[in-house]
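Undergrad: Just passing along the structure, written as structure tokens.
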Amino acid sequence: QAAYWYKKAAEQGHAEAQYFLGAFYANGNGVECDIEQAAYWWQKAAELGHADAQLELGLCYANAEGVEQSYEQAAYWWTKASEQENLDALYNLGKCYERGEGVEQDYNKAASLMTRGAEKGDSDAQCCLGDYYANGTGVPQDISKALHLYHLSEEQGNEYAQFNIGECYEQGKG
């Protein structure tokens, strides 16, 4: 029933309905699983400015799910979502800049995006930014800042941060 009504609203241009309909197609919830239809509806919602749809559409482009793989398109949509402070988009876009996927590699931009996410409490961004400080990637090397960020991240259960803290102590950096 929900998919039926979401589709009616989505066809009328309702962004939230388009987003949910895309999710229904992606998960086979009330409709047959169809990632191409999911990408189609997320595209519609993304074009209307729906941040979560922009995030999901970026994932589709990055992973070649329902669309042809394009890191440029992934970065484009994650940029749009990050402008609305979508934490996952900030993180994903930061990784694009770190790796030079879909954008020109820019460690400073990557660190700036991770900082925005870390300041908003995103544990993945905190851990990644901790790595940047540990290695001097896009920021000055600072082990005490790295450890602080790892601890913020590990308090949320991030296993990578927990590992990194252990590694710092093993290497006498704690």
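Undergrad: Sum up the lysine pairs in the chain that clear both bars: alpha-carbon distance under 23 Å and a spacing of 8 or more or different chains.
TA: Pairs that pass both the separation and distance tests number 13.
Undergrad: Also: Could you compute how much accessible surface GLU159 exposes when probed at 1.4 Å, giving the result in Å² to the nearest 10?
TA: GLU159 exposes around 110 Å² with every protein chain in place.
Undergrad: Quick one: if you stick a label point 7 Å off each Cα along the C-beta vector at GLU68 and ASN108, how many nm between them?
TA: 3.5 nm
Undergrad: I've got another one for you. Among CYS127, CYS33, CYS96, which one moves the most in a GNM of the chain with springs linking Cα atoms closer than 10 Å?
TA: CYS33
Undergrad: With only Lys, Arg, Asp and Glu charged, each at its Cβ (+1 for the first two, -1 for the last two), find how big the charge dipole of the chain is about the Cα centre; round to the nearest 20 debye.
TA: Rounded to the nearest 20 debye, it is 280 debye.
Undergrad: Something else now. Of HIS148, GLY136, ILE165, which is farthest towards the positive pole of the stretch 112-174's charge dipole, taken about the Cα centre with +1 and -1 on the beta-carbons of Lys, Arg and Asp, Glu respectively?
TA: Of the options given, the answer is GLY136.
Undergrad: Also, I was wondering about something else. Using a Gaussian network model of the chain whose springs link C-alpha atoms within less than 10 Å, name the residue from SER123, SER144, SER70 with the highest mean-square fluctuation.
TA: Looking only at SER123, SER144, SER70, the biggest GNM fluctuation is shown by SER144.
Undergrad: Considering the chain as a Gaussian network with a 10 Å cut-off on Cα pairs, which listed residue, GLY94, GLY138, GLY157, attains the greatest mean-square fluctuation?
TA: GLY157
Undergrad: Using helices alone, what [θ] at 222 nm do you get for the chain, with -39,500 (n - 2.57) per DSSP H run of 4 or more residues, divided over all residues and rounded to the nearest 500?
TA: Value at 222 nm, helices only: -22500 deg cm²/dmol.
Undergrad: Semi-axes of the chain's equivalent ellipsoid from the Cα gyration tensor, sqrt of 5 times each eigenvalue, largest first, rounded to whole Å?
TA: Semi-axes, largest first: 36, 16, 13 Å.
Undergrad: When Lys and Arg each count +1 and Asp and Glu each count -1, what net charge do the other residues less than 13 Å away from GLU65, Cβ to Cβ, add up to?
TA: Result for the neighbourhood of GLU65: -4.
Undergrad: Excluding SER123 itself, calculate the net charge of residues whose Cβ lies under 11 Å from the Cβ of SER123, where each Lys or Arg counts +1 and each Asp or Glu counts -1.
TA: Neighbour charge sum, excluding SER123 itself: -4.
Undergrad: Over the stretch 40-79, average the accessible area per residue using a 1.4 Å probe and give it in Å², no decimals.
TA: Dividing the accessible area of the stretch 40-79 by its residue count gives 45 Å².
Undergrad: Then there's this: What three numbers, in Å, describe the spread of the alpha carbons of the stretch 91-174 along their principal axes, ordered from the longest?
TA: Taking the Cα atoms of the stretch 91-174, the three principal extents are 36, 23, 17 Å.
The values are calculated or read from the model by the stated rules, or taken from the named source; none is laboratory data. Values in this document were obtained by computation on a predicted structure and should not be read as measured data. Every residue, glycine among them, receives a Cβ derived from its backbone with ideal geometry; neighbour counts consider all protein chains shown. Just so you know, the surface numbers come from the protein's heavy atoms only, side chains and all, with ligands and any DNA or RNA stripped out. Shrake-Rupley method; radii C 1.70, N 1.55, O 1.52, S 1.80 Å.
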